[in-house]
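Student: Just dropping this structure here.
What follows draws every value from the coordinates through simple rules; no lab data is involved. Keep in mind the model is a prediction, meaning the values are calculated, not measured. Because the Cβ atoms are built from the backbone with ideal geometry, glycine has one as well, and the counts that use them run over all protein chains shown.
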Amino acid sequence: MKIEKTNIEGVLVLTPRVFGDERGYFFESFNQAKFEKIIGNKVNFVQDNQSKSQKGVLRGLHFQNPPYEQGKLVRVIEGSVLDVALDIRKGSKSYGKHFSIELTSKNQKMVWLPPGIAHGFVALEDESIFFYKCTNYYNKESEGSVLWNDKDLNIDWKVTQPLLSEKDKKSPLFSELKSQF
C-alpha cells in the first residue's frame with residue numbers, strides 16, 4: 001500500500017495494491033493490523049456508512065463533536081467524487097486549511113480523516129457510491145458543520161450550483177465555529 005501525507009497533519013491518502021487481469025481486479029481495502037501500523041494508533045471502527053449521489057450533489061462539511069468525534073476511512077465504490085477535508089483542530093498547525101482529492105472507483109484511493117477534521121464531498125458522476133468506516137457512532141446532538149462555500153476557506157469544489165440538503169445550506173461560517181477540538 002502506498003501512503004501519502006497531505007498538507008493536514010494526520011490526513012493520509014492510501015492507495016492499495018490492486019491485482020488485475022482479464023477477469024477483473026482484487027485488492028485488500030482494509031486490514032486492521034496494517035492500518036494501525038500506518039496511522040501509528042489503535043483504532044476501532046464501529047460503524048460503516050454508504051451513500052449514493054447524483055452528479056452535483058454536495059454533502060458537507062460535516063463533523064461530530066466530542067465525546068462522539070469520529071475518525072473516518074473513506075473511499076468511492078462506484079463513480080467519482082471530489083473529497084474535501086478541513087482541519088478544525090484549534091491547536092493544529094493546519095487549522096483552517098483544507099485538502100482535496102478526487103476519489104474514484106478507478107483510482108481506488110482512500111483517505112484517512114482523524115477526529116477533528118470536517119469532511120465533505122461532491123459527486124462528479126451520477127450514481128457515485130461513497131463508503132466510509134467510522135470510529136464512533138453517529139450522534140445527532142454532536143453533529144456540526146461548516147458552510148461549504150465559505151469565502152474565507154476558498155475551497156474549489158469544481159461546481160457552482162451543487163444540490164444541497166437544507167442542513168448544508170444553513171451551516172455556519174468557519175469564523176463562527178466554536179471548535180471543541
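Student: Return Lys106, Lys178, Lys72 ranked ascending by Cβ neighbour count within 10 Å, so the fewest neighbours appear first.
Tutor: Lys178, Lys106, Lys72
Student: Quick one: what are the phi-derived ³J(HN,Hα) couplings along segment 20-26, Karplus 6.51/-1.76/1.60 with θ = phi - 60°, whole Hz, x for glycine and proline?
Tutor: Each residue's phi maps through the Karplus curve to give x, 8, 4, 7, x, 8, 9 Hz.
Student: Checking a compactness column here: for segment 1-152, what do you get for Rg(Cα) / (2.2 N^0.38 Å), N being the number of residues?
Tutor: Compared with the compact-globule rule of thumb, segment 1-152 sits at 1.02.
Student: Can you give the local net charge around Val13? Use residues other than it whose beta-carbon is closer than 10 angstrom to its beta-carbon, Lys and Arg +1, Asp and Glu -1.
Tutor: Computed value for this residue: +1.
Student: In a shell of Cβ-Cβ distance under 15 Å around Glu4, excluding Glu4 itself, what net charge do Lys and Arg (+1) and Asp and Glu (-1) give?
Tutor: +2
Student: Put a dot 7 Å past each Cα toward the Cβ at Asp21 and Glu143; how far apart are the dots in nm?
Tutor: For Glu143 paired with Asp21, the spin-label model returns 4.5 nm.
Student: Turning to a different aspect of this structure: In deg cm²/dmol, rounded to 500, what helix-only [θ] at 222 nm does the chain give when every DSSP H run of at least 4 residues adds -39500 (n - 2.57) and the total is split over its residues?
Tutor: Only helices count here, giving -1500 deg cm²/dmol.
Student: Sticking with this structure for a sec: Before anything else, pin down the relative contact order of segment 2-176: Cα pairs under 8 Å, at least 6 apart, normalised by residue count, whole percent.
Tutor: It comes to 30 percent, rounded to a whole number.
Student: Taking 0.36 nm per intervening residue step and subtracting the Cα-Cα distance, what contour gain separates Lys97 from Lys37 on full extension?
Tutor: 19.0 nm
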